[in-house]
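K.L.:
Can you read through this structure? Questions will come right after.
What follows draws every value from the coordinates through simple rules; no lab data is involved. Please read these numbers as outputs of a predicted model, since none were measured by experiment. Cβ sites come from the backbone with ideal geometry, for glycine too, and all protein chains shown count toward neighbours.
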Amino acid sequence: MKICAMQELLEARVLCCEENLGKHVYSACGCDLMSDVLAYVKDQAVLLTGLVNPQVIRTAVMMDMVCVVFVRSKVPTEEMLELARESGIVIMATDKRLYEACGLLYSSGLVGNKTK
Amino acid sequence: MSESLRFTFDVDGGDFTSAGHASVQVKKNLRQLGLSPEVIRRVSIAMYEGEINMVIHAGGGHAEVLVHEDCVEIILDDKGPGIADIEQAMQEGFSTAPDQIRSLGFGAGMGLPNMKRYTDSMEIFSTVGVGTKIVMKVNY
Ligand SMILES: Nc1ncnc2c1ncn2[C@@H]1O[C@H](COP(=O)(O)OP(=O)(O)OP(=O)(O)O)[C@@H](O)[C@H]1O
Ligand SMILES: [Mg+2]
């Protein structure tokens, strides 16, 4: 799925790195616990979360993710967007809740664990 | 023998929002050196967990990353409270992090086991009341 297709499904606003909206992603994870993302996530390229702080972006950087979606209308700070820009990570915000946002993407083919 | 490349960082313990800053910088530096993405990812995750631990549990510390011929070595050194029972701290789910840290997305007790999983070797030297030193290696 292209990141721009995710944006449409989630009716999300893109907050930075629009130039990467054409990138393809194959799996995602939804989580508010960065400890778990660092421990269990493998190749998921997208993180959906309701947690908003710079460690969310740094976690995504460490995991080589390409997109972070903030749910429930959470708005990241300019400092967080700057961090994301340095690594080309697309940041989006949606009004949907975590469960619904994940469900929409999952039912459209974006799975949890990439199957080869 | 050529000398190993060295990056050093002071990790500020007073401010959680900056936690992870050194790890992001290391990731950039290793990318520039052209190391494999797999090695870079393992080094960054292990260092990130360790850096966050120093901020949360030890009031900050010092980080050093050495790029050797056969591996990357990460040395984390703090003058925090130390770890009384290392075996217990290494168990998944063991955490003494306060609730406020949990609301920031950490404190699940996954960091140390995760650091062990992502590295080829990990040694912890800790003395209660003196501090903690962790040495990790990721082989190419
Ligand atoms: N540098 C340190 N100084 C003192 N105590 C530490 C240090 N690092 C870890 N600990 C102790 O070991 C415990 C386990 O650490 P670990 O990183 O596995 O979990 P955590 O930091 O509590 O949670 P998480 O890493 O999942 O966010 C900590 O709760 C803390 O009591
Ligand atoms: Mg930890």
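K.L.:
Could you count how many residues in segment B:31-71 are more than 12 Å from chain A (Cβ to nearest Cβ) and either within 15 Å of ligand 1 (Cβ to nearest atom) or of a type outside the set (Gly, Ala, Ser) (or both)?
P.N.:
Qualifying residue count for the region: 20.
K.L.:
Taking only pairs six or more apart or across chains, which ones have beta-carbon atoms under 7 Å, a first residue in segment B:102-113 that is more than 7 Å from chain A (Cβ to nearest Cβ), and a second residue that is surrounded by fewer than 19 Cβ atoms within 10 Å (Cβ to Cβ) and of a type in the set (Phe, Trp, Tyr)?
P.N.:
B:Gly109/B:Phe94
K.L.:
Mind counting the residues in segment B:1-21 that are more than 10 Å from chain A (Cβ to nearest Cβ) and surrounded by 14 or more Cβ atoms within 10 Å (Cβ to Cβ)? Explain how you work it out, then say what you get.
P.N.:
Taking segment B:1-21 as the starting set, the residues that turn out to be more than 10 Å from chain A (Cβ to nearest Cβ) are B:1-15.
So of that shortlist, the ones also surrounded by 14 or more Cβ atoms within 10 Å (Cβ to Cβ) come out as B:7, B:9, B:11-13.
So the count comes out to 5.
K.L.:
Among the candidates B:Gly93, B:Gly107, which residue alone is outside any helix (DSSP H, G or I) and surrounded by fewer than 20 Cβ atoms within 10 Å (Cβ to Cβ)?
P.N.:
On the way: B:Gly107 fails: surrounded by fewer than 20 Cβ atoms within 10 Å (Cβ to Cβ).
Step by step, each of B:Gly93, B:Gly107 is checked, and only B:Gly93 is outside any helix (DSSP H, G or I) and surrounded by fewer than 20 Cβ atoms within 10 Å (Cβ to Cβ).
K.L.:
Condition first: near ligand 1 (Cβ under 10 Å from one of its atoms) and part of a loop (DSSP other than H, G, I, E, B). Can you find one or more residues in segment B:112-132 that meet it?
P.N.:
Filtering segment B:112-132 for residues near ligand 1 (Cβ under 10 Å from one of its atoms) gives B:112-116, B:124, B:126, B:128, B:131-132.
If we keep only those that are part of a loop (DSSP other than H, G, I, E, B) too, we end up with B:128.
Yes, segment B:112-132 contains at least one residue that is near ligand 1 (Cβ under 10 Å from one of its atoms) and part of a loop (DSSP other than H, G, I, E, B).
K.L.:
Sticking with this one: Output the number of residues of segment B:106-121 satisfying the condition of being touching a helix residue (DSSP H, G or I) at 6+ places or on another chain (Cβ under 6 Å) and small (Gly, Ala, Ser).
P.N.:
Number satisfying all stated conditions: 3.
K.L.:
Separate question: Condition (residue is closer than 19 Å to B:Glu38 by Cα and among the charged types (D, E, K, R)) applied to segment A:52-71: is it met by at least one residue? I'd like the intermediate steps shown before the answer.
P.N.:
Step one: list which residues in segment A:52-71 are closer than 19 Å to B:Glu38 by Cα, which gives A:58-66.
Of the ones still in play, those that are also among the charged types (D, E, K, R) are A:58, A:64.
So far as segment A:52-71 goes, yes, one or more of its residues are closer than 19 Å to B:Glu38 by Cα and among the charged types (D, E, K, R).
K.L.:
Sticking with this one: Taking the stated definitions as given, is B:Ser36 more than 13 Å from ligand 2 (Cβ to nearest atom) and in contact with a Lys or Arg (Cβ under 6 Å, 6 or more places away or on another chain)? Step through it out loud before you land on a result.
P.N.:
Numbers: more than 13 Å from ligand 2 (Cβ to nearest atom): yes; in contact with a Lys or Arg (Cβ under 6 Å, 6 or more places away or on another chain): no.
For B:Ser36, the condition - more than 13 Å from ligand 2 (Cβ to nearest atom) and in contact with a Lys or Arg (Cβ under 6 Å, 6 or more places away or on another chain) - is not met.
K.L.:
Something else about it: Could you go through segment B:74-84 and let me know if any residue there is within 12 Å of ligand 2 (Cβ to nearest atom) and in contact (Cβ under 8 Å) with a residue 24 or more places away in the chain. Lay out the reasoning, then the answer.
P.N.:
We begin by selecting, within segment B:74-84, every residue within 12 Å of ligand 2 (Cβ to nearest atom); these are B:76, B:83.
Applying the additional criterion that residues be in contact (Cβ under 8 Å) with a residue 24 or more places away in the chain yields B:76, B:83.
Yes.
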